[in-house]
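Student: Starting off with a structure, shown below.
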Amino acid sequence: KTIKLHSDITMNQGQNASDFSAVAPSESWTPIGDRYFQFKGTFDGQMHIISGVYFNDSSLYSGLFGTVNTDSVIKNFSLKDSYFKSTGNDLGSVSGYAAGKFENIYLFLRPLIIV
């Protein structure tokens, strides 16, 4: 399967990611794929921006994608103004477990927060 992003995505619009540690926003992110059901396919962000993502959980393999299969491709997007925190193992902004191919991904470090 190939998934193409056709526009920018903003979760928790109008809220500041730098405040997410003190006050959880209204929407929480569920990672795409987990250790039992890995993402298998291509995600092409087509150079769009994903922002306002909030994740705070104890799950294993957490990020925008939880786990990515070895045959998968994640590419062409920017991630910004987001917050990722987990007490579980393997947390990343793009993927908690990254076995696939990753291309042209841009992270805006402020205020991208990974705890």
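Student: Roughly speaking, what is the centre-to-centre gap between segment 84-105 and segment 5-48 when only Cα atoms are used, to the nearest Å?
Tutor: Between the Cα centre of segment 84-105 and that of segment 5-48, the gap is 12 Å.
Student: Kindly state, to the nearest 0.05, the FRET efficiency for ASN89 paired with THR2, given R0 = 41 Å and r defined as their beta-carbon distance.
Tutor: Step by step, r from the Cβ atoms, then E = 0.90.
Student: Put +1 on the Cβ of every Lys and Arg and -1 on every Asp and Glu Cβ in the chain; which of SER58, LEU79, PRO25 then has its Cα farthest towards the positive end of the dipole?
Tutor: LEU79
Student: Of the trypsin sites (Lys or Arg not before Pro) in segment 26-89, which ones lie in a loop per DSSP and count no more than 16 other C-beta atoms within 10 Å?
Tutor: Passing sites in segment 26-89 are ARG35, LYS40.
Student: Could you give the length gained on full extension between LYS75 and LEU107, defined as 0.36 nm per residue of separation minus the Cα-Cα distance, in nm?
Tutor: Roughly 10.3 nm would be gained on extension.
Every number in this text was worked out from the coordinates using simple rules, so none of it is lab data. Nothing here was measured: the structure is a model prediction, and the numbers come from that model. Here Cβ is always computed from backbone atoms with ideal geometry, including for glycine, and neighbour counts include all displayed protein chains.
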